[in-house]
Amino acid sequence: SFSLFDDGSLPFDYILTLIPSLSLIGIIAYVTFWLLSWTLSSFLMLWRRRQPEEEERSTSSYKSTAAAAGPTILTLLLLGLALDAPEMNRTTTSSRTSTASHHHNNNESSIHHPTTFGDGIYDFIQGHDTEKLSELLNAMDNDDILQGPTPPRLFSNRHLQFLPWLIQNEIHRQEGIPFERHTVEVTSCKEWLDEYDDECTPDPLMTDQVTLDVFPPFDASKFSTSAFNKSSPIILFIPGLRCYSQDMPGNMIIRRAYAEGFRSIVMNRRGHTPGMPLKAPRWNLFGDTNDLEQVYWYIKEELAHDSRVPMFLHGISSGTSVGVSSLGIWDERRRRRQEQRQGSNTTSTTSSKRPIPTFVASLAMVPGYDISKVMQRDRFRFPYNQLFVPLVQDHFVQQNEDILRSYNSKAVDRILSAQTLQEFVDESVVFAGYQNKQEYYKQTNPINNIVGLTTPLLVVNAADDPCCLVDNIYETSPSSHNNNMTYADMARASPNTMIVVTKTGTHCPFLDAANAGWFGQLFPKMIPDPLNPNGRYMLDSWGDRVAIQYYKAALQVYGDRRFL
């Protein structure tokens, strides 16, 4: 059923050109690659350190399959690499040709920055508050965001970039970060959250637990550091698909944030915390906005004990959906309340209402935009769609099958029969609290409120991303209230949104080459690991580097937002 081209045809002429490469040399290369992956995965298994007790139960199955998974994943990567040539020839040249040069010209004239766009930038889109955005860019440490990454020569391909990145992530996952864990009960409290500062009455059908992993801990006795206090700025991370705090994927950005004085709090969504199965048949693959709001107030009231501590929201891959959706809801709520105050000329009408969650700024790393389409097979490309379908079926459904079947057994059957990730999402909406997929996407799709966003937002995408295609950015919104605008146009219509699209970086790694001559540019750049100062190094991801620069600059430019 797999085809390379959208019209369903198979590229037989291209397959014929591959025959010479499937010679003895090709077979030897394939076997060597397979053996290398098996050796590496086996070594990592032997090197694994003992995991915390609360994670041991869920990781036992991972341990038993990791050695076999390594060769499988690398084999799929190799196949994807072989089939990548025609795909790269069919990239979104037409989309960018008609728009990118116009974007660059407009932005270079409006952003008063000493550096022009570098060779690593594919497109740059900004909102209409050019004065603030120019101030923000000028406050950043260097020109990284306008230059883009320079991929290592040996890992410039979008599939091969995953190899050193996955190895680094596995090493860090096994080492672990000494998080302080907090368990938060979440339920359905929409009216309470939206309108009144009263107690919430939990709904047993909707009540479950999420976990927050904090580093460095608020309790100084658990991790000694004099550089942090309860007023230190906080980055709230929302990990990607099947990910959690020790692998969001990876945790390099948490290490970098620690070095720059930012406390990291990772929200492990329902069904994502290792060793914690669902307690209620309520689960949303992309995350629940009500859960995120309750987590926000728990951090402010129970952990920081300071309503003015600066907070940033950082979504990764599928975790960007609930983040952007929530920002849209909260910014719209803030606009309505301002209109009510202006209409009544008094604050009495809103004095009983609960405050609105406010972040200094937010970042969406490699989002897919329209979640009703993003995981279709022609958008979430081979081999990744085929690889993830059985993984998510096992992780979210089979490990929670009893409680999910007690609510809707037929829906479970349909989910387990899904052939693509998009079918998986479509069939699971009943467990997110919706009757059908149309209602679900109408209420939860993050692209619905991009124009109304007032919270500063940086979006980072890569033109060579095989999981979130760059074409998604230039797609016309299906919502009638968006007046046939593309998502790029919607970003321009918002005041404080920026979208930076790099030429390379694939889905999350954004590897950067070492600037050390021709030989140095063959390999990824490495930097000292802030949590292992005794000679240990880690990959220097362009995406992570730009994210921390952005948060530091936003604290200067938009820091007064914490007083809203």
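The values are calculated or read from the model by the stated rules, or taken from the named source; none is laboratory data. Because the structure is predicted, anything quoted here is derived from the model rather than measured. Cβ atoms come from the backbone with ideal geometry, glycine included; neighbour counts cover every protein chain shown. The area values use the complete protein model at the heavy-atom level, side chains included, leaving out ligands, DNA and RNA. Shrake-Rupley method; radii C 1.70, N 1.55, O 1.52, S 1.80 Å.
Structure notes:
- Counting residues in the range 296-310 that are within 20 Å of Val460 (Cβ to Cβ) and modelled with pLDDT of 95 or more gives zero.
- All of (1) more than 20 Å from Leu241 (Cα to Cα); (2) of a type in the set (D, E, K, R); (3) buried (at least 16 other Cβ atoms within 10 Å of the Cβ) hold for Arg379 with one exception: (1).
- Which listed residue is outside any loop (DSSP other than H, G, I, E, B), under 30 Å from Pro151 (Cα atoms) and open to solvent by 10 Å² or more (accessible area, probe 1.4 Å), from Asp426, Asp471: Asp471
- Qualifying positions in the range 120-132 - touching a helix residue (DSSP H, G or I) at 6+ places or on another chain (Cβ under 8 Å) and not in a strand (DSSP E or B): Gly120, Gly127, His128, Thr130, Lys132
- Verdict on Ser317 being in contact with a strand residue (DSSP E or B) (Cβ under 9 Å, 6 or more places away or on another chain) and modelled with pLDDT of 90 or more: yes
- Scanning the range 221-243 for residues that are touching a Ser or Thr at 6+ places or on another chain (Cβ under 9 Å) and not in a loop (DSSP other than H, G, I, E, B) yields Ile234, Ile235, Leu236, Phe237, Ile238.
- Condition check for Gly250 on (1) surrounded by fewer than 22 Cβ atoms within 10 Å (Cβ to Cβ); (2) touching a helix residue (DSSP H, G or I) at 6+ places or on another chain (Cβ under 8 Å): one failure, at (1).
- Hey, Thr225 at pLDDT below 90 and either touching a Pro at 6+ places or on another chain (Cβ under 6 Å) or of a type in the set (A, V, I, L, M) (or both) or not: yes
- Number of positions in the range 482-513 that are touching a strand residue (DSSP E or B) at 6+ places or on another chain (Cβ under 7 Å), open to solvent by less than 20 Å² (accessible area, probe 1.4 Å), hydroxyl-bearing (Ser, Thr, Tyr) and in a loop (DSSP other than H, G, I, E, B): 1
- Residues that are in a strand (DSSP E or B), out of contact with any Gly (no Cβ under 9 Å at 6 or more places or on another chain) and open to solvent by less than 50 Å² (accessible area, probe 1.4 Å) within the range 514-539 comprise Pro524, Ile527, Met538, listed in sequence order.
- Scanning the range 254-266 for residues that are open to solvent by 10 Å² or more (accessible area, probe 1.4 Å) and not small (Gly, Ala, Ser) gives Arg256, Tyr258, Glu260.
- Among the candidates Met526, Met490, the residue that is free of Cβ contacts under 8 Å to residues at least 40 places away in the same chain and either closer than 30 Å to Arg335 by Cα or not basic (Lys, Arg) (or both) is uniquely Met526.
- The listed residues are Leu160, Leu133, and the only one of them that is at pLDDT 75 or above and either under 21 Å from the mean Cα position of the chain (by Cα) or open to solvent by 50 Å² or more (accessible area, probe 1.4 Å) (or both) turns out to be Leu160.
- Whichever residue in the range 213-247 is closer than 25 Å to Glu170 by Cα and over 27 Å from the mean Cα position of the chain (by Cα) and, among such residues, is least open to solvent (accessible area, probe 1.4 Å): Phe223
- Check on Glu439, within 30 Å of Thr476 (Cβ to Cβ) and not small (Gly, Ala, Ser): yes
- Residue check, Thr420 of a type outside the set (Lys, Arg), surrounded by 23 or more Cβ atoms within 10 Å (Cβ to Cβ) and modelled with pLDDT of 95 or more: no
- Test result for Asp544, over 30 Å from Asp129 (Cα atoms) and buried (at least 16 other Cβ atoms within 10 Å of the Cβ): no
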